[in-house]
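Participant: Can you read through this structure? Questions will come right after.
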There are 2 protein chains.
Amino acid sequence: MPRIVAERSDTLPVLAEVFREHGYEGASLSLISKATGLGKGSLYHFFPGGKEEMAEAVLSEIDLWFEDHVFAPLRESSRPENAIAAMFDSVDGYFHSGQRVCLVGALALGDTRDRFARAVKSYFARWVDALAEEVVGGIQGAIVLARALDDPRAFSRTLNRMRLTLEKR
Amino acid sequence: MPRIVAERSDTLPVLAEVFREHGYEGASLSLISKATGLGKGSLYHFFPGGKEEMAEAVLSEIDLWFEDHVFAPLRESSRPENAIAAMFDSVDGYFHSGQRVCLVGALALGDTRDRFARAVKSYFARWVDALAEEVVGGIQGAIVLARALDDPRAFSRTLNRMRLTLEKR
DNA sequence: GTCTATAGATCGATAGAC
DNA sequence: GTCTATCGATCTATAGAC
């Protein structure tokens, strides 16, 4: 019988969503407690370092996911055009067409940038290296636009423009 | 003799910088008090609505600045290519080559988006209308990248790429 | 107008029973 | 492991003296 009660790793996707929705400062422990269904005692049992350790764990998992699903395929594919096409699909799904914020990008804008500087820098540096500054920036800007205009199509249009631009090269 | 003590409007640039640096949630009244040199009593005298009214006043001033210096010139110039070149210079200066965050964009990413939705949407809608989704998104993404990589050149490079792209049309 | 003092709520974090 | 109770700090906002 699998346990219903979460293990530490089960909490990470929930934590990630809370941080994305409310930012690091806005993600209070009571919000986190409600979202995970765990009391503060349990949270501190899993994350003795408190909120900062939670955010670091979340960043690690995000980093792992992008390394596996985005960065490595881009770097190692023998057919770059296929890898790039797959990346656009992955990214579109991951960010829910721009309705879901990029936590790493949001941390870069806030005053939490210094606290998580190393992780943030490494994530973006590897993405840019594997692809192109222009495209990574374009994706981040498209998220801002889609959220600001409250229109996911702004995200999809941007991705499609970049797909076409890259195909023509 | 001009007064040294600030009028309400004199506080706005200071408030703007505090919000940019710490975000809406992170900009506590004690930080604001320290930055402006005004006690809480004075702050509430100028902004009876508290922090929310301060942020709205700041957004209004930002909106006015962009309307005057960016949106209107783009819309009304008889020489679009000159207006666009001037816009890139304005934007590069305003955002300190990506070291200074776009408050409106940052609000769009956070959970404060709903609170200021109308102002945020209007700002970006007018910018996109006067220019191009692609370029506005590119600028926002370039700020994220420059901050994440801690490298203002990432911002300048992006702007230069867009300058060239637009010239070729 | 500006200040200090403080209310009342909520913050992150800890202690200890079970 | 999970919970409740609680700590001290900090938050936004208000009250009232000057």
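Participant: Given B:F66, B:F71, B:F88, which one is more than 15 Å from DNA strand C (Cβ to nearest atom), touching a residue at least 24 places away in the same chain (Cβ under 8 Å), part of a helix (DSSP H, G or I) and within 14 Å of chain A (Cβ to nearest Cβ)?
Facilitator: Every option except B:F66 fails the conditions.
Participant: In the set A:R115, A:R163, which member is more than 10 Å from every other protein chain (Cβ to nearest Cβ), in contact (Cβ under 8 Å) with a residue 24 or more places away in the chain, part of a helix (DSSP H, G or I) and charged (D, E, K, R)?
Facilitator: One residue alone meets the criteria, A:R163.
Participant: Suppose we keep only residues that are in a helix (DSSP H, G or I) and over 17 Å from A:D10 (Cβ atoms) within region A:45-54. Which one would you say is farthest from DNA strand C (Cβ to nearest atom)?
Facilitator: Filtering first and then ranking leaves A:E52.
Participant: Also, quick follow-up: Specify which of the listed residues (B:S122, B:S60, B:S78) is within 12 Å of the chain's Cα centre (by Cα) and polar (S, T, N, Q).
Facilitator: Checking each option against the conditions leaves just B:S60.
Participant: Does A:S78 satisfy the condition of being free of Cβ contacts under 8 Å to residues at least 40 places away in the same chain, surrounded by fewer than 16 Cβ atoms within 10 Å (Cβ to Cβ), within 16 Å of DNA strand C (Cβ to nearest atom) and of a type in the set (G, A, S)?
Facilitator: The answer is no for A:S78.
Participant: Name the residue, out of A:E56, A:E76, A:E81, A:E17, that is away from DNA strand D (no atom under 16 Å from the Cβ) and within 14 Å of chain B (Cβ to nearest Cβ).
Facilitator: A:E17
Participant: On to the next question. I need every pair where a residue in region A:138-152 that is facing another protein chain (nearest Cβ under 7 Å) and in contact (Cβ under 8 Å) with a residue 40 or more places away in the chain has its Cβ under 6 Å from the Cβ of a residue that is assigned to a helix (DSSP H, G or I) and aromatic (F, W, Y), sequence separation at least 6 or different chains.
Facilitator: The qualifying pairs are A:A142/A:F155.
Participant: Quick check on my filter: what residues within region B:114-169 are among the polar types (S, T, N, Q) and surrounded by fewer than 21 Cβ atoms within 10 Å (Cβ to Cβ)?
Facilitator: Within region B:114-169, B:S122, B:S156, B:N160, B:T165 meet the criteria.
Participant: Say whether the condition of being surrounded by fewer than 16 Cβ atoms within 10 Å (Cβ to Cβ), under 28 Å from B:S97 (Cα atoms) and touching a residue at least 24 places away in the same chain (Cβ under 8 Å) is met by at least one residue in region A:19-42.
Facilitator: No, region A:19-42 contains no residue that is surrounded by fewer than 16 Cβ atoms within 10 Å (Cβ to Cβ), under 28 Å from B:S97 (Cα atoms) and touching a residue at least 24 places away in the same chain (Cβ under 8 Å).
Since every read-out is calculated from the coordinates, none of them should be taken as a lab result. Model, not experiment: these values are computed from the prediction. Here the Cβ is made from the backbone with ideal geometry for all residues, glycine too, and neighbour counts use every protein chain on show.
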